[in-house]
Amino acid sequence: MEVCYRHPDRETGVSCSNCGRPICPDCMTTTSVGMRCPECARDTTRVRRGPVTGGDPVVTYVLIGINVAVALGGFLSGASTTGGGSGGSRLITDGWLSRPDIADHEYWRLLTAGFLHAGFFHLLFNMFALYILGGLLEPAVGRLRFGLIYFVSLLAGSFGALLVEPTQPTLGASGAIFGLMGAAFIVMRNAGVNPMESGLGIWIVLNLVFTFAVPNISIGGHIGGLIGGTVCALLLYELRDLARVPPQVTAGLCVALGVAAVAGSIAVSG
């Protein structure tokens, strides 16, 4: 039997859930992710307290404000409030996403399409989801990581939309919203919380069913965003914990993921 790494005279069958070193009862620290040795318990506390004490989800509120302001601009310039079309609004037609537009080098649409909505209820549903997910996720991961996850998810959603839909224009924040759902799932699991018991897993499943069952929904945008946000969270948290990769490196990998989504969007549109 192994002996405690701090007390060689004590046999134990328990290991630290982070570093794997054997620990005796006197060295065990109970955390949300299992028993930790004193060093790993201190590291975990130091890493995870910062974002939690970050205050209100400011980035979430800013994103909601931008989406609402853009939607109001679209409605005032002629866009339909019921989702019937652009109504001749230049704000909508100059910002939505399609392969021909990206082929014409209008790359800003990869971002702007994520801030446009096809009617009031489309906006309301997405902003409600953003409010709930942002209030859950942003305080847990911090403002910078939250913003990174959001925009990587948005770009991945744009790539997915272009990959699946060759002709019809796409718009909406749904790709980024699905990315936040995937990221929240990973962050919860990393913190030792069962996402299925929290209700998040069921919410994701229901939204996926809705995506495939209802017509005129961007399947590629939703799935692309979900994959982008999930992978980004895996890089930021699972890779960090498994391989002890510095946070600057994992953040850089997420940025590279966003860049790859942009490159894929250009390639599939060209």
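The values are calculated or read from the model by the stated rules, or taken from the named source; none is laboratory data. As the structure is a prediction and not an experimental result, all values here were calculated from the model. Cβ atoms come from the backbone with ideal geometry, glycine included; neighbour counts cover every protein chain shown. We work out accessible area using only protein heavy atoms, side chains counted, and drop any ligands, DNA or RNA first. Shrake-Rupley method; radii C 1.70, N 1.55, O 1.52, S 1.80 Å.
Right, S98: hydroxyl-bearing (S, T, Y) and farther than 29 Å from L133 by Cα or not?
Criteria not met by S98.
Of the conditions (1) open to solvent by less than 60 Å² (accessible area, probe 1.4 Å); (2) aromatic (F, W, Y); (3) farther than 28 Å from T250 by Cα, F125 clears all except one; give me its number.
Only one criterion is unmet by F125, namely (1).
At least 1 residues that are of a type in the set (A, V, I, L, M) and closer than 26 Å to V231 by Cβ in each: list the helices (runs of 4 or more DSSP H) lying fully within the range 80-191 that qualify.
Correct list: 99-103, 109-112, 120-141, 143-164, 174-190.
Which residue out of F128, F151, F115 is under 20 Å from G83 (Cα atoms), aromatic (F, W, Y) and touching a residue at least 12 places away in the same chain (Cβ under 8 Å)?
Only one candidate qualifies: F115.
Is it the case that some residue within the range 196-215 is small (G, A, S) and in contact with a Cys (Cβ under 9 Å, 6 or more places away or on another chain)?
No - not one qualifying residue is present in the range 196-215.
Restrict the check to the range 205-223 and report whether at least one residue is among the small types (G, A, S), open to solvent by less than 10 Å² (accessible area, probe 1.4 Å), in contact (Cβ under 8 Å) with a residue 12 or more places away in the chain and closer than 27 Å to W96 by Cβ. Explain how you work it out, then say what you get.
Within the range 205-223, the subset among the small types (G, A, S) is 213, 218, 220-221.
Cutting the leftovers down to open to solvent by less than 10 Å² (accessible area, probe 1.4 Å) gives us 220-221.
If we keep only those that are in contact (Cβ under 8 Å) with a residue 12 or more places away in the chain too, we end up with 220-221.
From the residues that got through so far, the ones that are closer than 27 Å to W96 by Cβ too are 220-221.
Yes, there is a match, as at least one residue in the range 205-223 is among the small types (G, A, S), open to solvent by less than 10 Å² (accessible area, probe 1.4 Å), in contact (Cβ under 8 Å) with a residue 12 or more places away in the chain and closer than 27 Å to W96 by Cβ.
Across the range 192-202, what is the number of residues that are in contact with a helix residue (DSSP H, G or I) (Cβ under 8 Å, 6 or more places away or on another chain), open to solvent by 30 Å² or more (accessible area, probe 1.4 Å) and part of a helix (DSSP H, G or I)?
Adding up the residues that qualify gives 3.
Of the residues T44, T93, T82, which single one is in contact with a strand residue (DSSP E or B) (Cβ under 7 Å, 6 or more places away or on another chain) and at pLDDT below 95?
Numbers: T93 fails: in contact with a strand residue (DSSP E or B) (Cβ under 7 Å, 6 or more places away or on another chain); T82 fails: in contact with a strand residue (DSSP E or B) (Cβ under 7 Å, 6 or more places away or on another chain).
After ruling out the rest, the residue left standing is T44.
In the range 99-112, what count of residues is obtained for those that are free of Cβ contacts under 8 Å to residues at least 24 places away in the same chain and either of a type in the set (S, T, Y) or on the phi > 0 side of the Ramachandran plot (or both)?
Adding up the residues that qualify gives 2.
Sort out for me the helices (runs of 4 or more DSSP H) sitting completely within the range 203-269 that have 1 or more residues that are touching a Phe, Trp or Tyr at 6+ places or on another chain (Cβ under 9 Å).
219-233, 247-269
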